[in-house]
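A.B. asks: Pasting a structure here, questions to come.
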Amino acid sequence: MFKIKPEGPPWRPSPRALVLAVLGAITLGVALLSVSVSYQILVPRFGDWAVPTVAALDALWVVFQGTEILAANNRTRALRAQIAGLVLTVVIAAIPTVDLALTLRRDGASLDLAVVIAPTAIVFTKLAWWVVIPSLGRGTSATTRKDIATTRQSVADRLEVMEADAADRIELLRAATALQERVAEAETEFRLATLASQQTMTAALHAQAEATAATIAENPLPALVAQIELPTLDETWSPTAPALPVAPAVTAVTQVKALPEARPVTPVTLADLAAVAGVRTPERGEQLTDIQLGVVLRHLRYSEDPPASYRRAADEMRRRGFKASEERIRPMWRALKAQEPRRPGDEAEAEDAGEEADAAR
């Protein structure tokens, strides 16, 4: 029985074979041109010997080019063929070149175009072989070429994926940069608006604080305000109007006797007055500034009800250990009294202050 062999894939020339075929056709054409030109130049001088001479030179030239193909990119094997090919290239290119030079010397001699083209074609053909052969490499089988093509395709695919990933990352970074700039601008605008609002609020609060401090200094609150208890907001609390205090009925004699007596109240502390004035709390035994001295005198005068006199306040100040001379106390006391409304008894108090001043002198 006959066995039918399976048909394989149709044969297709490799890219290397196509390149060599084209280069070989060019070389063969240049060799034929060289044979024709060299024969016309040498036949008048060598006669029938010109035919084998020219044929041998060009045949060897073609053989050496083919030997380079067989040696592939093995430089050790192809070295001798390359040297011989270069020598033959020089020889066969020199024949038309020398004839061209001699023809140009003779006057009226016609110039053959083939003689001009031949040496140029020979040299450039050899140069083409010298450039192409190392790049082609060795001949390989279809399976090997397929494996190489698969590997190259994998590398090309990987490179394309890397290019796409790089392009996507660049686009993402550019978009992120633009968004980051927009976010930074928005944050800057928000912070500027916040700073502007804080500036406005600080300026308003500062102005109000200065006005409040001036009002407190000019119009001190009576001790009665500090005695008012605030309600406790618990489950038992109910809104009720506080009862108004009723002054007891007393005789004129009793009232006169009660005036000189000082009743202690719950005043604003010395530290509170110093905080309102914006100074450090006065300490005993240290030299007081003018503002601190005014704070101490205000505290001593209004810590009792009715307010203490100059003499009583000065004695209490010395008893507590605050240091200040009479020359400083008197002007501060007058400034403190000038802020109060005139009441009966102020003239007597002023006279007491004057007598003590004379005694001090």
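A.B. asks: Summarise the accessible area of the range 265-336 (1.4 Å probe, protein heavy atoms) by the percent that is carbon and sulfur.
C.D. replies: Within the range 265-336, the accessible surface is 52 percent carbon and sulfur.
A.B. asks: Using 20 Å as the cut-off for backbone N distance, which residues of the range 165-180 belong to the label zone defined by a point 7 Å from the Cα of Ala193 along Cα→Cβ?
C.D. replies: So the set is 179-180.
A.B. asks: Work through the residues other than Leu179 whose Cβ is under 15 Å from its Cβ and net out their charges, Lys, Arg +1 and Asp, Glu -1.
C.D. replies: Spelling it out: positives minus negatives among the neighbours equals -2.
A.B. asks: Now a separate question. Quote to one decimal, in nm, the extra length available between Val155 and Asp290 on full extension: 0.36 nm per residue of separation minus the C-alpha distance between them.
C.D. replies: So the chain would gain 39.5 nm between Val155 and Asp290.
A.B. asks: Same structure again: With a point put 7 Å past each Cα toward its Cβ, work out how far Arg312 is from Ala204 in nm, to one decimal.
C.D. replies: Between Arg312 and Ala204, the simple spin-label model gives 4.5 nm.
A.B. asks: Still on this model: Largest first, what is the accessible-area ranking of Asp58, Asp168, Asp48, Asp305 with a 1.4 Å probe?
C.D. replies: In descending accessible area the options line up as Asp48, Asp168, Asp305, Asp58.
A.B. asks: Quickly rank 195-208, 272-285 as a protection proxy: mean count of other C-beta atoms within 10 Å, highest first.
C.D. replies: 272-285, 195-208
A.B. asks: What does the charge add up to near Thr27, with Lys and Arg as +1, Asp and Glu as -1, over the other residues with Cβ less than 13 Å from its Cβ?
C.D. replies: Once all neighbours under 13 Å are counted, the net charge is -1.
A.B. asks: I want to check the label-to-label distance for Ile117 and Arg77. Put each point 7 Å from Cα in the C-beta direction and report it in nm to one decimal.
C.D. replies: Modelled inter-label distance: 3.6 nm.
A.B. asks: Moving on to the next point. So, R0 is 35 Å and r is the distance between the beta-carbons of Ala84 and Ser36; what FRET efficiency does that work out to, to 0.05?
C.D. replies: Plugging the Cβ-Cβ distance into 1/(1 + (r/R0)^6) gives 0.95.
A.B. asks: Next up: Quick check of the Kirkwood formula: for the range 287-340, what is the inverse mean of 1/r over all pairs of different Cα atoms, in Å?
C.D. replies: 11.0
A.B. asks: Note down the nm distance, to one decimal, between modelled labels 7 Å out along Cα→Cβ at Ser14 and at Arg45.
C.D. replies: Here the answer is 4.5 nm between the modelled labels.
A.B. asks: Next question. I'd like the accessible area for Tyr310, computed on protein heavy atoms only with a 1.4 Å probe and all protein chains in place. Round to 10 Å², please.
C.D. replies: Roughly 10 Å² of Tyr310 is accessible to a 1.4 Å probe.
A.B. asks: Beta carbons within 10 angstrom, averaged per residue: use that to sort the peptides 294-301, 213-220, highest first.
C.D. replies: Packing proxy ranking, top to bottom: 294-301, 213-220.
A.B. asks: Would you please put 174-182, 332-340 in order of how densely packed they are, using the mean number of other Cβ atoms within 10 angstrom per residue and starting with the highest?
C.D. replies: 332-340, 174-182
A.B. asks: Give me the accessible area per residue for the range 150-229, probe 1.4 Å, as a whole number in Å².
C.D. replies: Heavy-atom accessible area per residue stands at 88 Å².
A.B. asks: Would you mind counting up the charge near Trp130? Only other residues with Cβ under 13 Å from its Cβ, with Lys and Arg at +1 and Asp and Glu at -1.
C.D. replies: Result for the local shell: +1.
The values are calculated or read from the model by the stated rules, or taken from the named source; none is laboratory data. In this text the structure is predicted, and so the values were computed from the model without any measurement. Here Cβ is always computed from backbone atoms with ideal geometry, including for glycine, and neighbour counts include all displayed protein chains. Please note that ligands, DNA and RNA were not included when accessible areas were found on the heavy atoms of the full protein model with its side chains. Shrake-Rupley method; radii C 1.70, N 1.55, O 1.52, S 1.80 Å.
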